[in-house]
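We did not get these values from a lab; they are worked out from the coordinates using the rules stated. This structure is a prediction, so every number in the text was calculated from the model and none was measured. Because the Cβ atoms are built from the backbone with ideal geometry, glycine has one as well, and the counts that use them run over all protein chains shown.
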Amino acid sequence: MTGIDKEAVERIGGLRTGAVSWTSWFNKDAKQQHVALSSLPTADVQVMYFRGTTLGNAAAACVAKQINYDPTRGADGSLTFAVDAESNGTGLEWGRMLTPGIETDTAAADGTGIENAAQASTSFGLQAYLQTFDFTGTDDQSPASINIAGDERYYVKYVVSIFRTLVPDTIFNGGALRAISCKLPKKSVLSAEYPASASCRAFTLFRLPELCLGALSRA
């Protein structure tokens, strides 16, 4: 591997890897652990660890595969599940929390931030993970012609095009589907079905950049 014209040993990067493991309490309520983890999704998922609920605390994230959901019944009757997520070629990355845990906004907002410019790499820029726990408010498909008959790939590509206004070198390829996921309720204004009309969908589509940039402004 080291050329004869080199004065020191040359090295190449190895396989980037990482894992996150945790124990989850059984909770079958909507939007809780059991509902999210029991299906053992085969697609890539974003796994994040947050140290407490203080702005700027340590955090870790990776794109991973969930590989198990193993139950254990305690002597006291408690039911817990061991969960492991193995990174899928992207490694585990450490950073800082840009929000003090989960935040709920009902409109565009400007929250408290942290100064992170000095810690950003001058060669590769600053990388951030955005975890959306729930985004409610999408209306049912409309009798007016403002509907969009889009799927997940359609919206992921659209979101990447929004990022390009901030980072011009951003490109769209299959890797974007690892970092961004979209929840599209069936027969909603964003995922309409026949016989909903979509001839004036541009009015809805042009509103999406404001919503996305408003959400990103929190970071």
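Placing dummy labels 7 Å off each Cα toward the beta-carbon, the span from residue 127 to residue 72 is 3.2 nm. The simple spin-label model puts a point 7 Å past each Cα toward its Cβ; for residue 93 and residue 197 those points are separated by 4.4 nm. A full extension of the chain between residue 152 and residue 208 corresponds to an added length of 18.7 nm, given 0.36 nm per residue minus the alpha carbon distance.
For the modelled label position 7 Å from the Cα of residue 183 along Cα-to-Cβ, which residues of the stretch 24-68 have backbone nitrogen atoms closer than 11 Å? 30-32, 36, by backbone N distance to the label point. Here residue 28 is the anchor, and the lysines within straight C-alpha reach of less than 21 Å, apart from those fewer than 8 places off in the same chain, are 183.
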